[in-house]
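First comes the structure, then the notes that go with it.
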Amino acid sequence: MTNADNDEAWQALRQGHAVLMLRHALAPGTGDPDNFDLEDCSTQRNLNEQGREQARAWQPFLEKQGIRQARVFSSQWCRCTETAREMNMGEVTEWPSLNSFFGNRGDGGMATRQTIALVNDLGEGAPVVLVSHQVNITRLTDAYPASNEGVIIALPLSENPSVLARVSPGD
């Protein structure tokens, strides 16, 4: 995508015509440990220091695009909530529909439909940022984001959405 395309995508995000959905920052490894417990971060794959730095890089990156505050929704996985908090763009609300279904791909369709409905039911307000997992983003958009990479997706969301841009603070 060209810079002009990205400019249009950022404008759509600022104006409430798109959302930013990003993969959590760097959390080394794949999947989750066998003893994974949603309520206990010590049992999960978590951000390392590089991941926390990546997450913090979103704030100045978004501010350069004219976004100083956002409505931030996150998976309940600790690596996602920590990414969302480290972004420092606004209060973080956990949405179970953004939780990973890596270990149970059969849940992907239902979670994706719930996320679509929740986003489309949001009223006007600050830009929307969703922090989730690679499998969730790929299921919705067919994009395969790297850690800490996001996609700007046109609204309203659908099962075949329009990806306006792929973005990351490292660009």
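Quick check on my filter: what residues within the range 17-36 are open to solvent by 10 Å² or more (accessible area, probe 1.4 Å), at pLDDT 95 or above and out of contact with any helix residue (DSSP H, G or I) (no Cβ under 6 Å at 6 or more places or on another chain)?
Of everything in the range 17-36, just one residue is open to solvent by 10 Å² or more (accessible area, probe 1.4 Å), at pLDDT 95 or above and out of contact with any helix residue (DSSP H, G or I) (no Cβ under 6 Å at 6 or more places or on another chain), namely His17.
How about the range 58-85: which of its residues are charged (D, E, K, R) and either surrounded by fewer than 21 Cβ atoms within 10 Å (Cβ to Cβ) or outside any helix (DSSP H, G or I) (or both)? Outline the logic, then answer.
If we filter the range 58-85 for residues that are charged (D, E, K, R), which is where we start, we get 63-64, 68, 71, 79, 82, 85.
Glu63, Lys64, Arg68, Arg71, Arg85 - these are the residues of the range 58-85 that are charged (D, E, K, R) and either surrounded by fewer than 21 Cβ atoms within 10 Å (Cβ to Cβ) or outside any helix (DSSP H, G or I) (or both).
Would it be correct to say that Ser42 is part of a helix (DSSP H, G or I) and free of Cβ contacts under 8 Å to residues at least 12 places away in the same chain?
Numbers: part of a helix (DSSP H, G or I): yes; free of Cβ contacts under 8 Å to residues at least 12 places away in the same chain: yes.
Yes.
Looking for whichever is polar (S, T, N, Q) and open to solvent by 50 Å² or more (accessible area, probe 1.4 Å) here; the options are Asn120, Asn99. Which one fits?
Asn120 is the lone residue from the list that is polar (S, T, N, Q) and open to solvent by 50 Å² or more (accessible area, probe 1.4 Å).
Which residue out of Val119, Val135, Val167, Val128 is of a type in the set (A, V, I, L, M, F, W, C) and touching a Gly at 6+ places or on another chain (Cβ under 6 Å)? Write out each step before concluding.
Numbers: Val119 fails: touching a Gly at 6+ places or on another chain (Cβ under 6 Å); Val135 fails: touching a Gly at 6+ places or on another chain (Cβ under 6 Å); Val128 fails: touching a Gly at 6+ places or on another chain (Cβ under 6 Å).
One residue alone meets the criteria, Val167.
Would you mind finding the one in Glu82, Glu94 that is without any contact (Cβ under 8 Å) to a residue 24 or more places away in the chain and closer than 20 Å to Gly31 by Cα? Even if it seems obvious, please write down each step before you answer.
Working: Glu82 fails: without any contact (Cβ under 8 Å) to a residue 24 or more places away in the chain.
After ruling out the rest, the residue left standing is Glu94.
With the checklist (1) crowded, with 16+ Cβ neighbours inside 10 Å; (2) at pLDDT 95 or above; (3) outside any strand (DSSP E or B); (4) in contact with a strand residue (DSSP E or B) (Cβ under 8 Å, 6 or more places away or on another chain) in hand, flag the one item Ala165 doesn't pass.
Here Ala165 clears every test but (3).
Taking Asn48, is it at pLDDT 95 or above, surrounded by fewer than 18 Cβ atoms within 10 Å (Cβ to Cβ), more than 16 Å from the chain's Cα centre (by Cα) and not aliphatic (A, V, I, L, M)?
Values: at pLDDT 95 or above: yes; surrounded by fewer than 18 Cβ atoms within 10 Å (Cβ to Cβ): yes; more than 16 Å from the chain's Cα centre (by Cα): yes; not aliphatic (A, V, I, L, M): yes.
In short, yes.
Going by the structure shown, is Glu39 of a type in the set (D, E, K, R), modelled with pLDDT under 95, over 19 Å from Thr115 (Cβ atoms) and surrounded by fewer than 15 Cβ atoms within 10 Å (Cβ to Cβ)? Full working, then the answer.
Details: of a type in the set (D, E, K, R): yes; modelled with pLDDT under 95: yes; over 19 Å from Thr115 (Cβ atoms): yes; surrounded by fewer than 15 Cβ atoms within 10 Å (Cβ to Cβ): yes.
It is true that Glu39 is of a type in the set (D, E, K, R), modelled with pLDDT under 95, over 19 Å from Thr115 (Cβ atoms) and surrounded by fewer than 15 Cβ atoms within 10 Å (Cβ to Cβ).
May I ask you to verify whether Met21 is within 14 Å of the chain's Cα centre (by Cα) and part of a loop (DSSP other than H, G, I, E, B)?
Numbers: within 14 Å of the chain's Cα centre (by Cα): yes; part of a loop (DSSP other than H, G, I, E, B): no.
Against the criterion (within 14 Å of the chain's Cα centre (by Cα) and part of a loop (DSSP other than H, G, I, E, B)), Met21 does not qualify.
The values are calculated or read from the model by the stated rules, or taken from the named source; none is laboratory data. What you are looking at is a predicted structure, and each value in this text was computed from that prediction instead of being measured. We place every Cβ from the backbone using ideal geometry, glycine too, and count neighbours over all the protein chains shown. Accessible surface areas use protein heavy atoms only, side chains included; no ligands, DNA or RNA. Shrake-Rupley method; radii C 1.70, N 1.55, O 1.52, S 1.80 Å.
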